[in-house]
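Contents: one structure, followed by commentary.
Each reported figure results from applying straightforward, stated rules to the coordinates on display, with no laboratory input. In this text, all values refer to a predicted model and were calculated from it rather than measured experimentally. Reconstructed Cβ throughout: ideal geometry from the backbone, glycine too, with neighbour counts over all protein chains shown.
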Amino acid sequence: MTKLKNKYSIQRRYVTNKNARPRIKNLGVDFLVAHETANNNADADAHYNYFQGITFSASAHTFIDDNKILEIIPLDEKAWHVRYDVPRDNRMYGDDANDVAIGTELCRTGDFDKAYDRYVWYHAYLCKKFGLNPKKDIVAHSKLDPSRRTDPQSWLEPNGVSWNKFINDVNDYYRNWGSDGSQAIKPSNPSKPSKGYRKTATDHVGMRLENIYHTNVNYYNSPRWDNPTGTFKPGHGWTITGKYIVDGSYQYQVKNSKGHTYYVTAHDKYVKVIRGKSAASSKPKPKSFKPGQKVTVKKSASTFATGESIADFVKGNSYTVKQVKSDRVLLGGIMSWVRKSDVY
């Protein structure tokens, strides 16, 4: 039988764009940062193409989907996957993540179980390659930048995988690396914790729940995570009527203007509770933009509409609107989509 260490192959196709790949050697590899892409429509190849063309500084070393493990930055070079001005990487590991850590992204497309199994295997591979301890030397992006990031839990948890389970699964691969896998715990089919649902307390009844994500968010006509009933757009929202724990994760029970009851994720990456306002009193007021207009990127803006970090040199500067969509504008000069709420 094939040994676990030979279970998957790694493809290496390096980007040449200097904004994504500065070609600066790192200072070694002291720890690993686990990410997820927050993009429902882009696989590993699509992310390669995206970073090949970006005009700002951002990247990660590796992208993993349900078909491949793709390294786009050499592991002995820096990638821009964690902000330099966050202090936790220095406190925890004594240096900046971009200088001494590998960043690995889990793609959302395709079969989650297959992508997750590759994601787990690859982290075990990196631990073996660089002499790291899976229990101590893997950190979530959300841990390093908690005010802005929730990954990779933002994709693991909706699929029934806790952070502790992920680390334990990596450790299982690590411990059984040279075996044929017959004694190893296989993480390819994670079991969801706390099956079922129950109502829980909330003080948000009567308040507005609004979609703050850059694309549509699923809603359901019963407390569950599969087979969504439909989606609602960025900026739209409903009135909260209750809160539930569904298979270990939170959902809000909401009511729309027609009185229909639905269930929506309570994850703060996707939705926001508008305190003191009901859906009836705080309907979104879309901003009006036209191609050719000059707009300025707010200094408070944090991410592009595609989820990538906005570099400081972009903020506070003016750009010409090239295209307009319902919730975003394409800006000339940087040729990137920015949320309407982040420009004026």
- Lys5/Lys315 FRET efficiency (R0 35 Å; Cβ-Cβ; nearest 0.05): 0.20
- Query: Antiparallel as a % of all DSSP beta bridges within the chain, to the nearest 5?
  - Reply: 75 percent
- Note on the structure: Taking the dipole of the chain about the Cα centre (Lys, Arg +1; Asp, Glu -1; charges at Cβ), the one of Thr261, Ile64, Val314 that reaches farthest to the positive side is Thr261
- Fewest Cβ neighbours within 10 Å first, please rank Val254, Val29 accordingly. Val29, Val254
- Message: Neighbour counts of other C-beta atoms within 10 Å: give me Tyr244, Tyr125, Tyr263 arranged from fewest to most.
- Response: Tyr244, Tyr125, Tyr263
- Message: Give the separation of the Cα centroids, the stretch 1-51 to the stretch 120-142, in Å.
- Response: 14 Å
- Pairwise FRET efficiency - Lys299 versus Asn49, Cβ, R0 = 35 Å, nearest 0.05: 0.70
- Neighbouring Cβ atoms within 10 Å as the yardstick, rank Ile54, Ile138 fewest first. Ile54, Ile138
- Message: With +1 on the Cβ of every Lys and Arg and -1 on the Cβ of every Asp and Glu, and nothing else charged, how large is the dipole of the stretch 294-342 about its Cα centre, in debye rounded to the nearest 20?
- Response: 200 debye
- Message: Taking every pair of distinct Cα atoms and averaging 1/r, then inverting, what Kirkwood hydrodynamic radius in Å comes out for the stretch 15-70?
- Response: 12.5 Å
- How far apart, in nm, are the 7 Å Cα→Cβ label points at Arg175 and Met335? 5.0 nm
- Pull out the extension gain between Ser147 and Lys25, defined as 0.36 nm times the separation in residues minus the alpha carbon to alpha carbon distance; nm, one decimal. 41.0 nm
- Note on the structure: Along the dipole axis of the chain (charges at Cβ: +1 for Lys and Arg, -1 for Asp and Glu; origin at the Cα centre), the most positive-end residue among Val338, Leu144, Asn168 is Val338
- Which whole-number percentage describes the relative contact order of the stretch 197-274, with Cα contacts under 8 Å and a sequence gap of 6 or more? 37 percent
- Hey, how much of the P(r) for the chain falls beyond 38 Å, as a percent of Cα pairs? 20 percent
- Residues Thr16 and Lys136, FRET efficiency given R0 of 35 Å [Cβ-Cβ distance, rounded to 0.05]: 0.50
- Item | Gain upon complete extension [Lys255, Asn227; 0.36 nm per residue less C-alpha separation] | 8.2 nm
- Along principal axes, largest first, the alpha-carbon spread of the stretch 197-274 in whole Å comes out as 28, 27, 25
- About its Cα centre, how strong a charge dipole does the chain have in debye, to the nearest 20, once Lys and Arg get +1 and Asp and Glu get -1 at the Cβ? 1220 debye
- Taking every DSSP beta bridge that has both residues in the stretch 4-175, what percent is antiparallel when rounded to the nearest 5? 20 percent
- For peptides 322-330, 4-12, 107-115, sequence by mean Cβ density within 10 Å, most packed first: 107-115, 322-330, 4-12
- Task: Compute the Rg to Rh ratio over the stretch 4-175 from the alpha carbon atoms, using the Kirkwood formula for Rh, and round to two decimal places.
- Result: 0.92
- What number, rounded to the nearest 500 deg cm²/dmol, is the helix-based mean residue ellipticity at 222 nm of the chain, given -39500 (n - 2.57) per DSSP H run of at least four residues and division by all its residues? -5000 deg cm²/dmol
- Task: Between Val205 and Lys114, with labels modelled 7 Å along Cα→Cβ, what's the label distance in nm to one decimal, could you check?
- Result: 4.6 nm
- Assigning unit charges at the beta carbon (Lys, Arg +1; Asp, Glu -1) and nothing else, what dipole magnitude in debye, to the nearest 20, does the stretch 112-174 show about its Cα centre? 220 debye
- Message: Pairs of alpha-carbon atoms within less than 8 angstrom and 6+ residues apart define the contacts here; what relative contact order does the chain have, in percent?
- Response: 14 percent
